[in-house]
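K.L.:
The structure under discussion is supplied below as structure tokens; questions concerning it will follow.
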Amino acid sequence: MRISTTQLEGFRRWRAMEFVTVEEIEETIRGDLVQTPAMVKGGALHDVVAFPDRYHDPRAGIFVHRDRRNKPTGWRFGYQSINDLRHAIGAHVVELKTEFEVAGHTIVAKADGLTGREVHELKVRGKVPFEPDWFVDSFQWRIYALAFKAGAVTYHLVTVDDDGPDGVAVVETHQKLTNYPYPSMAAEVRALVLDFADFARSRNLEGYLGEEEE
């Protein structure tokens, strides 16, 4: 099977009863999961940080996000706010993709940046108390550490104030959380992959996990 990191982490969260339903897991596998407003916001911020020249509107002095059809998504970000975030991350944020094999299955990993042996991942979180265990427990960073042979995986956790003047959003806070590989990590990822594969077979979903692009 060809399995994405997103699918594996969603499966883990479902088993851990972390606000993910089995229906959402199945939709993720089939590729028909509808994006939530929070997912759209996170995607827009990531795009603007990764490709600032693409979205910069010099006349308005802001970044205007557009979809693949070049239509505005409604998300606009302050110019200085985005530049400050890029400087704070200290890495050129671009989508890095790689694949590797675990227990006979192809695992697809897409990270937001890499400097040396440190992987960077940008996350937009809600305005709720910071819960580091949410990101420490995640298998996303474990998979990225294996996929990119990284010595560290750093989450850049930001909150966005979208109530600014003229509807221009700005980055409100930026926190960093770094996780490091450990000896039993590869075995734990392997066990998760095998359990996910068994789940997909039990639901007759393995046909959606072929060699197509995710």
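K.L.:
Note the per residue figure in Å³ for the convex hull of the C-alpha positions in the chain.
P.N.:
128 Å³
K.L.:
Remind me, relative contact order of the chain in percent, using alpha carbon pairs under 8 angstrom and six or more residues apart?
P.N.:
Averaging sequence separation for qualifying contacts and normalising by length gives 22 percent for the chain.
K.L.:
Of the beta bridges DSSP finds with both residues in the chain, what % are antiparallel, to the nearest 5?
P.N.:
If I count the DSSP bridges inside the chain, around 70 percent turn out antiparallel.
K.L.:
In deg cm²/dmol and to the nearest 500, what is the mean residue ellipticity at 222 nm of the chain if only DSSP H runs of at least 4 residues count, each as -39500 (n - 2.57), divided by the residue total?
P.N.:
-11000 deg cm²/dmol
K.L.:
Which GluC sites (Glu not before Pro) in region 46-111 sit in a loop by DSSP (not H, G, I, E or B) and have at most 12 other Cβ atoms within 10 Å of their own Cβ?
P.N.:
Those that pass, being in a loop and sparsely packed, are E95.
K.L.:
Let me ask you something else. Tell me, how many Å apart are the Cα centres for region 173-214 and for region 123-172?
P.N.:
19 Å
K.L.:
On to the next question. Lys/Arg Cβ at +1, Asp/Glu Cβ at -1, dipole of the chain taken about the Cα centre: which of I89, L8, N70 is farthest positive-ward?
P.N.:
I89
K.L.:
Viscosity 1.306 mPa s, temperature 10 °C: what is the translational diffusion coefficient of region 104-214 from Stokes-Einstein with a Kirkwood Rh over Cα pairs, rounded to a whole number of µm²/s?
P.N.:
The diffusion coefficient I find is 97 µm²/s.
K.L.:
Let me ask something else. Could you please rank R54, R76, placing first whichever residue has the fewest other Cβ atoms within 10 Å of its Cβ?
P.N.:
Lowest count first: R54, R76.
K.L.:
Could I ask something else about it? Based only on other Cβ atoms within 10 Å, what is the fewest-to-most ordering of F19, F199, F77?
P.N.:
Final ranking by Cβ density, sparse to dense: F19, F199, F77.
K.L.:
Dipole magnitude of the chain about its Cα centre, charges +1 at Lys/Arg Cβ and -1 at Asp/Glu Cβ only, in debye to the nearest 20?
P.N.:
Roughly 400 debye, rounded to the nearest 20.
K.L.:
Relative to the longest principal axis of the C-alpha atoms of the chain, give the angle of the C-alpha long axis of helix 5-15, reported between 0 and 90° and rounded to the nearest 10°.
P.N.:
70 degrees
K.L.:
Can I ask one more? Which parts of region 140-161 would a label at E188 reach, counting a residue when its backbone N lies under 18 Å from a point 7 Å out along Cα-to-Cβ?
P.N.:
Flagged as within label range: 140-155.
K.L.:
So, one more: What does the charge count near V20 come to, summing +1 for each Lys or Arg and -1 for each Asp or Glu among other residues with Cβ under 12 Å from its Cβ?
P.N.:
-3
K.L.:
When only DSSP loop residues count, what chymotrypsin sites (Phe, Trp or Tyr not before Pro) in region 80-188 have their Cβ near at most 13 other Cβ atoms within 10 Å?
P.N.:
F130
Readers should treat all values here as calculations from the given coordinates under stated rules, not as data from a laboratory. Since the structure is predicted, the reported quantities are computational estimates derived from the model, not experimental observations. Counting neighbours? That spans all protein chains shown, and the Cβs are built from the backbone with ideal geometry, glycine included.
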